[in-house]
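See structure below.
The values are calculated or read from the model by the stated rules, or taken from the named source; none is laboratory data. Computed from a predicted model, the values in this text were never measured in an experiment. Methodologically, a virtual Cβ is constructed for each residue, glycine included, from the backbone with ideal geometry; neighbour enumeration extends over all protein chains shown. Areas reflect the complete protein model, heavy atoms only, side chains present, ligands, DNA and RNA absent. Shrake-Rupley method; radii C 1.70, N 1.55, O 1.52, S 1.80 Å.
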Amino acid sequence: PLVATIASADMGLLLRDDVFVDFFNTFLNLPVFGQTPIYISSMGRWDLWPELPSHLDPSPPALLAWLKKHRLPHFCKSSLCLHLVLCQKLLGFIRSGEAAKLLNWQSADQWLLEKCISGSQGMWRFRAFVQGMAGEELTNFWLTTERLLGLDESDARQRDLYLSLLHRLKATHLREGSSVVTLCRTIIGSLLKARHVQPISTRREILSKMQERALFMIQSYWLPKFFIHCKMGMEEEKSCRPLLQEYQERLLWANSQEPSGFSENLFTMHIRRSQGLSGPYCSKKAKAEIWTLVQEGRDTQEVKMPSFQVQPERQLGPAGSTKASHLDKDVLGSIPQQSEHPANTAFGGKGGATSPKRPRPNAEQVLHLEDLCEEKVLPNLRSSAPLVQLPTLKKLVKTLSFLPWALSAETCAGRPFRDFLKRQDRSMETNLLDLWHDLEEFLPVVLDPSRENSFFLRHFIGEKICKTYLEEGTIQQLPLETRTLRSLRNHLMSGEFSPWIFRAQKEICKVLCCFYEEFLADDDRTFLQFMVKGMHG
């Protein structure tokens, strides 16, 4: 599987792939983490945030070793990695002779479609396009199945997650009348008929063939529709005229060859030097400074950054954002990580379930098609300019103020906070974190009845939450108010929305807050150990 290939690959080689770098940068900057570096591949430069103290001069090999051990394993368990794999599958099809022959695409068409769909933003556009149509269910099914097929059901540590994903598939995509079953009915029938001739087809084989069929439909039907949609949109945007002009010129070049997605820059990988910062390294303080600006409602332009703005919300949309990233809605969420009770929330999703105290994204966050036509800003950053220069702040917010955002991002980051709690043998806190995530996933599902699987999915999640956490004996063991948990159970049993969800999540955050601060401190210590060791190694 491609995920396993990524997990075992050399970091330096992975970073030569521009598509991987795009997804990996998005992952590295999810606000659950302490250190959030970004790699500017065109310059071979790493920018660290928070910056290291000025007396430290870290080496790129030490940074790559840290990434390989403490970030890449979580990335490979994340929903972003699954979207990277799907993006690579789609790009492979676009570049193939099969696509050119089947869809009568010329090299210029392939070039323009790659521009539209490459990277995390490209997949965001595609997910937004298929939303509410059969293409959405096919994409969700492919991603969920990819995660499931990457698990070993004979491994006791993975079996609970495997069964949870399987039950989810049965409750949604594999029920009678779904788009997936309708598309794959002939495959299922032929496999069942072949039982008397061949060995009994395993569940894994059936799902694999159904996944292949779903992918082919996405590639051969939904991709061309998406391409037409993009071209029509670009024709209406003045800023896209240069791109369309180049497209028209390429149509005249019969045999133009495009380079692969691997970077061949002449820069030596390096880390931008610290801008004279002194004092101890502390990611908790750096995060508090960012979130103080968000909570105070200051214009993000007050954060002086060359060419672009600090917008934590763009990385992390609240659960109720109507324009939240489609990379994370439903499927991102429906791909739980390895846990006994996997959480399936997303850091963005349809619906309106935003906690009153969570900041909402502004209109500038919405990704427009004309972004395709703009030059990438990161390569144009001045090497002498600090990545972030914050104005003087009167009073920093407390961790509890931004903890819901960090927890929302955690699901899409491969569950690093959960792994930390497990290593600390904090079973009760781990259980609370799983409950928080399951409640977060339930909200967009119950508040959006228009989704194809809304009825089945909300009852599936509601019953799972009640059975796992809210049985009478279990309630007494949780350090939350009994009234909150019982009121929650009464509504979730029937798959209904309840404002008690917000109350429960708030109580959970109060319990987990100090442990999240310990998680950040542990991340800081580990990062500094690798950097210092790299200086003396």
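Some notes on this structure:
- Here Met493 meets each of (1) modelled with pLDDT under 95; (2) closer than 30 Å to Glu51 by Cα with one exception, condition (2).
This table checks each residue for (1) within 17 Å of Gln219 (Cα to Cα); (2) surrounded by 15 or more Cβ atoms within 10 Å (Cβ to Cβ).
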position: Gln121; (1), (2): no, yes
position: Trp124; (1), (2): yes, yes
position: Arg127; (1), (2): yes, yes
position: Leu138; (1), (2): yes, yes
position: Leu149; (1), (2): no, yes
position: Asp155; (1), (2): no, no
position: Arg168; (1), (2): no, yes
position: Ala171; (1), (2): no, yes
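- Exactly one residue out of Arg451, Arg458 is buried (at least 20 other Cβ atoms within 10 Å of the Cβ) and in a loop (DSSP other than H, G, I, E, B): that is Arg451.
- Residue match in the range 462-471 (condition: more than 21 Å from Lys170 (Cβ to Cβ), open to solvent by 10 Å² or more (accessible area, probe 1.4 Å) and not assigned by the TED database to the domain that holds Leu72): yes
- Just one of (1) under 24 Å from Lys533 (Cβ atoms); (2) open to solvent by 10 Å² or more (accessible area, probe 1.4 Å) fails for Leu15. It is (2).
- Residue pairs meeting the criteria (Cβ under 7 Å; at least 6 apart or on separate chains; first without any contact (Cβ under 8 Å) to a residue 12 or more places away in the chain, in the range 437-457; second part of a helix (DSSP H, G or I)): Ser454/Val445
- Scan of the range 81-110 for residues that are of a type outside the set (Asp, Glu) and open to solvent by 50 Å² or more (accessible area, probe 1.4 Å), ordered by number: Gln88, Lys89, Arg95, Gly97, Lys101, Leu102, Asn104, Gln106
- The number of residues in the range 436-474 that are closer than 20 Å to Thr139 by Cα and among the acidic types (Asp, Glu) comes to 3.
- Any hit, the range 428-444, residues being crowded, with 19+ Cβ neighbours inside 10 Å, farther than 18 Å from Ser164 by Cα and not aliphatic (A, V, I, L, M): yes
- For the residues Glu375, Glu370, the requirement of being at pLDDT below 50 and in a helix (DSSP H, G or I) singles out Glu370.
- Hey, Val32 among the aliphatic types (A, V, I, L, M), part of a helix (DSSP H, G or I), surrounded by 19 or more Cβ atoms within 10 Å (Cβ to Cβ) and on the phi < 0 side of the Ramachandran plot or not: no
- In this structure, Ser260 does not satisfy being small (Gly, Ala, Ser), open to solvent by less than 100 Å² (accessible area, probe 1.4 Å), modelled with pLDDT of 90 or more and not assigned by the TED database to the domain that holds Lys89.
- Hits in the range 228-239 (condition: part of a helix (DSSP H, G or I), in contact with a helix residue (DSSP H, G or I) (Cβ under 6 Å, 6 or more places away or on another chain) and over 19 Å from Gln106 (Cβ atoms)): Gly233, Ser239
- The set of residues from the range 1-20 being in contact (Cβ under 8 Å) with a residue 60 or more places away in the chain, under 26 Å from Trp142 (Cβ atoms) and assigned to a helix (DSSP H, G or I) comprises Leu2, Val3, Ala4, Ile6, Ala7, Asp18, Val19, Phe20.
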